[in-house]
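Engineer: After the structure tokens below, expect a handful of questions from me.
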Amino acid sequence: MGNKEDWDELERWNKERIEKQKRHGSTKRVTFKLLSIIRKKVREILVILIAFTIFMSFIFTIIIINGVKINSNGKLDKSNPMTREEVISLIEKGIENTNFYLCSNTNTKTKQEHYIKDNIVVFYKNSKLESWSNYNTNERITINNGNVTVKNDIELNEDMFQFGWDYSLIKREKDYDLNYKYLGEKIMFGRKVILIEESNIYSANKFIIDKQTGVILEKIALRRVLYMTVSQLACTTREIKMDVVTDEDIMRPKI
């Protein structure tokens, strides 16, 4: 009897041992399978991260190259820098200049022309008279859709516009949170011009100004991200012809 009980106990112990081995083996298999899945997912994530990094590096490189290209000013002479105040005086000299013709290209079908002589400015839009201004007598005649308005108290430089072009970004830079920078001078449009910039972290505005007359010949608006130029928003230019305006061109209109 004792021997039978010993054999039964031994058999139970053996069964328990086998069950433990089975459970342990199953646990090892589950753990191995789980680790395999984790490794596979990690590899997939790494592949995605590497691909994303390569893609973003490519995009970033294109943005930098494009920004450098847009922001390029060519070879500039920086030996005679001008202060912001000197540039403002030069621009306002342009407003007072004696005899020249301006034609603006705004990249639209609108043609804007100014005839300037002896402090008289005549403005045409698509060959139609829009305004006649005499800064000697402070008189301005405006024609809008056939309606005529006469004003007798105009002042030169009062609105910070130079023949339709706003230069308040230069004159009131602090109101726009901008910083002035003199870029240099070069020959452009067959004339000696100066280049200046008013900019901040989000944008930059370049002005190309005729050094002889003070007339703004080109304006370029740029978009920036953290001071880095990423795109050009607009570029407007205008042609200038000196000493071509006659007395007939600036005659007071009959109203």
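The values are calculated or read from the model by the stated rules, or taken from the named source; none is laboratory data. What you see is a predicted model; the values in this text were computed from it and never measured. Using ideal geometry, Cβ is built from the backbone for each residue, glycine included, and neighbour counts are taken over all protein chains shown.
Engineer: Can you report the number of residues in the stretch 121-139 which are part of a strand (DSSP E or B) and out of contact with any Phe, Trp or Tyr (no Cβ under 7 Å at 6 or more places or on another chain)? Before the answer, list the steps.
Structural biologist: First, the residues of the stretch 121-139 that are part of a strand (DSSP E or B): 121-125, 128-134, 139.
So of that shortlist, the ones also out of contact with any Phe, Trp or Tyr (no Cβ under 7 Å at 6 or more places or on another chain) come out as 123-125, 128-129, 132-134, 139.
So the count comes out to 9.
Engineer: Every residue in the stretch 148-178 that is outside any loop (DSSP other than H, G, I, E, B) and over 19 Å from Met251 (Cα atoms), please. It would help to see each step written out before you state the result.
Structural biologist: Step one: of the stretch 148-178, the residues outside any loop (DSSP other than H, G, I, E, B) are 148-151, 161-162, 165-166, 168-171, 173-176.
Hits for the stretch 148-178 are Phe161, Gln162, Trp165, Asp166, Ser168, Leu169, Ile170, Lys171, Glu173, Lys174, Asp175, Tyr176.
Engineer: Would you pick out the residues in the stretch 189-217 that are under 21 Å from Asp177 (Cα atoms) and either not assigned by TED's automatic domain parsing to the domain that holds Tyr167 or not in a strand (DSSP E or B) (or both)? It would help to see each step written out before you state the result.
Structural biologist: The initial filter retains those residues of the stretch 189-217 that are under 21 Å from Asp177 (Cα atoms), namely 195-208.
Of everything in the stretch 189-217, those that are under 21 Å from Asp177 (Cα atoms) and either not assigned by TED's automatic domain parsing to the domain that holds Tyr167 or not in a strand (DSSP E or B) (or both) turn out to be Asn200, Ile201, Tyr202.
Engineer: Would you check if Thr142 is within 25 Å of Ala234 (Cβ to Cβ), of a type in the set (Ser, Thr, Tyr) and free of Cβ contacts under 8 Å to residues at least 40 places away in the same chain?
Structural biologist: Values: within 25 Å of Ala234 (Cβ to Cβ): no; of a type in the set (Ser, Thr, Tyr): yes; free of Cβ contacts under 8 Å to residues at least 40 places away in the same chain: yes.
The answer is no for Thr142.
Every residue, every condition in (1) exposed (fewer than 13 other Cβ atoms within 10 Å of the Cβ); (2) of a type in the set (Phe, Trp, Tyr); (3) touching a residue at least 12 places away in the same chain (Cβ under 8 Å), yes or no:
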{"position": "Lys111", "(1), (2), (3)": "no, no, yes"}
{"position": "Trp132", "(1), (2), (3)": "no, yes, yes"}
{"position": "Tyr135", "(1), (2), (3)": "no, yes, yes"}
{"position": "Asn147", "(1), (2), (3)": "yes, no, no"}
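Engineer: In this structure, does Gly146 turn out to be small (Gly, Ala, Ser) and over 34 Å from the mean Cα position of the chain (by Cα)? Before you say what the answer is, go through the steps one by one.
Structural biologist: Details: small (Gly, Ala, Ser): yes; over 34 Å from the mean Cα position of the chain (by Cα): yes.
For Gly146, the condition - small (Gly, Ala, Ser) and over 34 Å from the mean Cα position of the chain (by Cα) - is met.
Engineer: Go through Ile220, Ile143, Ile170, Ile196 for me and flag whichever is in contact with a Cys (Cβ under 7 Å, 6 or more places away or on another chain), surrounded by 16 or more Cβ atoms within 10 Å (Cβ to Cβ) and not acidic (Asp, Glu). Talk me through it step by step, then tell me what you get.
Structural biologist: Working: Ile143 fails: in contact with a Cys (Cβ under 7 Å, 6 or more places away or on another chain); Ile170 fails: in contact with a Cys (Cβ under 7 Å, 6 or more places away or on another chain); Ile196 fails: in contact with a Cys (Cβ under 7 Å, 6 or more places away or on another chain).
The match here is Ile220.
Engineer: How many residues are among the hydroxyl-bearing types (Ser, Thr, Tyr) and touching an Asp or Glu at 6+ places or on another chain (Cβ under 6 Å) when one looks only at the stretch 111-129? It would help to see each step written out before you state the result.
Structural biologist: Our first condition is that a residue be among the hydroxyl-bearing types (Ser, Thr, Tyr); within the stretch 111-129, this holds for 115, 124, 127.
With touching an Asp or Glu at 6+ places or on another chain (Cβ under 6 Å) added as a condition, the list becomes 115, 124.
Selection size over the stretch 111-129: 2.
Engineer: Let me ask another. Against the condition hydroxyl-bearing (Ser, Thr, Tyr) and in contact (Cβ under 8 Å) with a residue 60 or more places away in the chain, how does Tyr202 come out, does it pass? Before the answer, list the steps.
Structural biologist: Values: hydroxyl-bearing (Ser, Thr, Tyr): yes; in contact (Cβ under 8 Å) with a residue 60 or more places away in the chain: no.
Spelling it out, it is not the case that Tyr202 is hydroxyl-bearing (Ser, Thr, Tyr) and in contact (Cβ under 8 Å) with a residue 60 or more places away in the chain.
Engineer: Looking at the stretch 58-73 only, could you name the residues that are polar (S, T, N, Q), in a helix (DSSP H, G or I) and either surrounded by 11 or more Cβ atoms within 10 Å (Cβ to Cβ) or modelled with pLDDT of 80 or more (or both)?
Structural biologist: Step one: list which residues in the stretch 58-73 are polar (S, T, N, Q), which gives 61, 66, 71-73.
Applying the additional criterion that residues be in a helix (DSSP H, G or I) yields 61, 66, 71.
Passing the criteria: Asn66, Asn71.
Engineer: Another question, then. Do we have any residue at all in the stretch 107-119 that's at pLDDT below 90 and aromatic (Phe, Trp, Tyr)?
Structural biologist: no
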